[in-house]
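Beneath this line is the structure, given in structure tokens, with notes to follow.
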Amino acid sequence: NLVLVDAHRGSSAWFPENTLVAFEAAIASGADSVELDVQLSADGVAVAIHDDTVDRTTDGSGAVAQLTAAELGALDAGSWKAPSFAGERIPTLEQCLWLLAGTARVNLELKARDLSLAEIVVEAIEQQRLHRQVIVSSFHLELLAAVRRALPEVRIHHFLDREPPRDFFEGEGRCVDSVGVAKDYLTPEAVAWFRAAGRPTWVWT
């Protein structure tokens with residue numbers, strides 16, 4: 001069987017997650033794909049950070065959505081991991097895509113439930129012409145549907161934490177190319193259904 005290595009939040013075991021140094025390390029180590037999380041700043045800039053707040057991974061505090069891009073960019077996003085990473089910053093999506101263009105596949109997980117995030121991500125993908133390199137993933141189906149309408153060639157990945165109705169892929173889930181299934185929901189019957197529908201299946205824990 002073929003095993004694909006997806007660098008979750010970059011090479012996050014050894015480097016501060018969702019930073020440029022973590023993404024650089026993932027590429028240098030030969031990862032097949034690089035996953036990063038996308039949130040929106042208060043002034044509508046897409047940035048790479050997982051949590052809704054900056055408290056865990058920076059020297060600041062507060063909600064990402066209530067801080068401007070300049071305020072987010074001034075935070076230290078590296079020291080929490082190790083003193084040697086002091087000064088690493090929260091990168092913008094634009095910075096991440098400039099770094100990763102032409103390297104591995106890029107998995108953009110849209111965290112914020114805001115349709116404007118889908119528009120911003122579409123614009124960033126178009127600007128870099130990364131339609132064939134990028135996967136866009138999210139729990140939020142409405143964002144994925146908006147990306148699919150704008151960029152039909154971009155792969156769409158939907159995370160499932162429940163069992164959808166059996167007409168899901170003919171209805172609201174018709175934009176979905178592949179699914180990520182919560183391990184507690186994963187059954188042979190579910191996998192057989194997804195395969196029959198032509199949807200490759202991943203598992204998240």
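Worth a mention:
- Against the empirical 2.2 N^0.38 Å (N residues), the chain has a Cα radius of gyration ratio of 1.02.
- Heavy-atom accessible surface of segment 1-102: percent carbon and sulfur, 1.4 Å: 55
- Residue with peak Gaussian network fluctuation, the chain [Cα springs, cutoff 10 Å], from A28, A146, A42: A28
- Computed over segment 125-182, relative contact order equals 33 percent, with contacts defined as Cα pairs under 8 Å that lie 6+ residues apart.
- Gap separating the Cα centres of segment 92-159 and segment 18-83, nearest whole Å: 17
- Each Cα pair under 8 Å and six or more residues apart adds its separation to the average, and for segment 51-190 the resulting relative contact order is 14 percent.
- CD proxy at 222 nm, helix term only [per DSSP H run n ≥ 4: -39500 (n - 2.57); per residue of the chain; nearest 500]: -7500 deg cm²/dmol
- Rg/Rg_ref, segment 81-146, where Rg_ref = 2.2 N^0.38 Å and atoms are Cα: 1.25
- All Cα pairs of segment 27-89, percent lying beyond 15 Å: 53
- Phi-derived couplings, Karplus 6.51 cos²θ - 1.76 cosθ + 1.60 at θ = phi - 60°, listed residue by residue for segment 187-203: 9, x, 5, 5, 4, 4, 5, 4, 5, 4, 7, x, 10, x, 10, 10, 10 Hz, with x used for Gly and Pro.
- 3J(HN,Hα) along segment 72-85, derived from phi through the Karplus expression 6.51 cos²θ - 1.76 cosθ + 1.60 where θ = phi - 60°, amounts to 5, x, 8, 6, 8, 9, x, 4, 4, 7, 5, x, 5, 9 Hz, with x in place of Gly and Pro.
- Taking θ as phi - 60° and the Karplus parameters 6.51, -1.76 and 1.60, the scalar couplings of segment 110-117 work out to 7, 8, 6, 8, 9, 4, 5, 5 Hz in sequence order, x denoting glycine and proline.
- Database remark: amide H of G180 closer than 5 angstrom to the amide H of H158, F159, L160, W202 (H placed geometrically; neighbours at sequence offset of 5 or more, or on other chains; Pro and chain starts carry no H).
- Å² of accessible area per residue within segment 87-161, as computed with a 1.4 Å probe and no ligands counted: 45
- GNM remark for the chain: springs join alpha carbons under 10 Å apart, and the peak mean-square fluctuation among A63, A82, A112 falls on A82.
The values are calculated or read from the model by the stated rules, or taken from the named source; none is laboratory data. If you're wondering where the values come from, they're calculated on a predicted model, not measured in any experiment. Heavy atoms of the whole protein, side chains included, go into the accessibility calculation; ligands, DNA and RNA do not. Shrake-Rupley method; radii C 1.70, N 1.55, O 1.52, S 1.80 Å.
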